[in-house]
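Here's the structure, in structure tokens; my notes come after.
The values are calculated or read from the model by the stated rules, or taken from the named source; none is laboratory data. Computed from a predicted structure; not experimentally measured. Here the Cβ positions follow ideal geometry from the backbone for every residue, glycine too, while neighbour counts run over all protein chains shown. These accessible areas exclude ligands, DNA and RNA; they are computed on the full protein's heavy atoms, side chains included. Shrake-Rupley method; radii C 1.70, N 1.55, O 1.52, S 1.80 Å.
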Amino acid sequence: MMIYYQSSGLSYFTRFSKLTPKYYLFSLYFTMLITTTVVSVIMGLGVVSLFSYHFGETIAPKNWGLFFLDAILSRVFYLPLSLFLEELTIVTSRKLSNAISFIPIILAYLFGFSYININLGNLVYYSPFLSIQVLGMQSFFTRSIPLNFNDFKGPTLNVYYAIISLIGWSIILSFASMLLFRRLYYRSLEEARIA
């Protein structure tokens with residue numbers, strides 16, 4: 001939403017001031033990482049305590065480092081994805097903004113259910129949505145989880161591949177977002193109004 005409302009001012013700032021797209025996006029990433037880390041700690045502890053209370057036994061991640069790394073990497077992925085999608089709506093048509101904001105959650109559900117119901121093989125590593133999911137699951141287990149939910153005797157998850165996949169997707173989306181950021185120009189907010 002920041003990009004949505006700041007797009008007219010940002011186009012002038014990047015052309016007529018010392019503000020560069022790289023600096024703007026870096027400062028946005030930095031502030032989002034700090035806030036999402038704090039929120040992840042609070043939510044992680046809250047979820048663990050509520051589930052433990054409900055089931056009467058301690059349900060906590062076995063690997064807290066991987067748990068918080070997954071939370072941070074998921075934020076690092078979703079930030080450039082949402083920025084890219086919002087910039088795309090500003091460059092094309094503001095009327096698409098409400099529809100495009102649902103794309104990340106729809107993709108997360110589709111990939112999440114496909115992991116449960118379909119044997120995807122190594123395609124798990126190519127989807128950042130699945131990488132986020134399997135890293136979160138792995139943090140709760142002491143042994144490696146199966147690469148595919150339906151194949152417990154098949155290959156197991158390689159945590160490093162999933163982390164590399166998430167970092168790679170984040171870098172690709174960050175560059176795409178930075179390139180599209182340079183194409184932002186003033187468009188009236190009234191264009192988003194649906195008659």
Checklist entry - Given the C-alpha centroids of region 68-101 and region 112-180, what is the distance between them in whole angstrom? => result 19 Å
Checklist outcome for this item: Taking Cα pairs closer than 8 Å and at least 6 residues apart, the relative contact order of region 1-192 in percent is 31 percent
Checklist entry - Ignoring any ligand, DNA or RNA, what whole percent of the accessible area of region 1-192 comes from carbon and sulfur when the probe is 1.4 angstrom? => result 71 percent
Checklist outcome for this item: The FRET efficiency for K18 and V38, from their Cβ-Cβ distance with R0 = 30 Å and rounded to 0.05, is 0.50
Next on the checklist: Can you sort R143, R75 by solvent-accessible area, 1.4 Å probe, largest first?
Outcome noted: R143, R75
Next on the checklist: Report the gain in length on full extension from F55 to T31: 0.36 nm times residue separation, minus Cα-Cα distance, nm rounded to one decimal.
Outcome noted: 5.0 nm
Checklist entry - What does the accessible area of L179 come to, in Å² to the nearest 10, when a probe of 1.4 Å is used? => result 120 Å²
Next on the checklist: On a 1.4 Å probe surface of the protein chains, which of E57, E87 comes out largest in accessible area, and what is the full order?
Outcome noted: E57, E87
Next on the checklist: Using square roots of five times the C-alpha gyration tensor eigenvalues, list the equivalent-ellipsoid semi-axes of the chain in whole Å, biggest first.
Outcome noted: 35, 19, 16
Checklist entry - What's the extension gain from V47 to Y126 if we count 0.36 nm per residue and subtract their Cα-Cα distance? => result 25.6 nm
Checklist outcome for this item: Expressed per residue, the solvent accessible area of region 1-192 in Å² (1.4 Å probe) is about 61 Å²
Checklist entry - What full-extension length gain, to one decimal in nm, is calculated for F68 and I105 as 0.36 nm per residue of separation minus the Cα-Cα distance? => result 11.2 nm
Next on the checklist: What do you get for the angle between helix 103-117 and the principal long axis of the chain? Use alpha-carbon atoms, 0 to 90 degrees, nearest ten.
Outcome noted: 20 degrees
Item to check | Principal-axis tilt of helix 2-16 within the chain, Cα atoms, nearest 10 degrees | outcome: 50 degrees
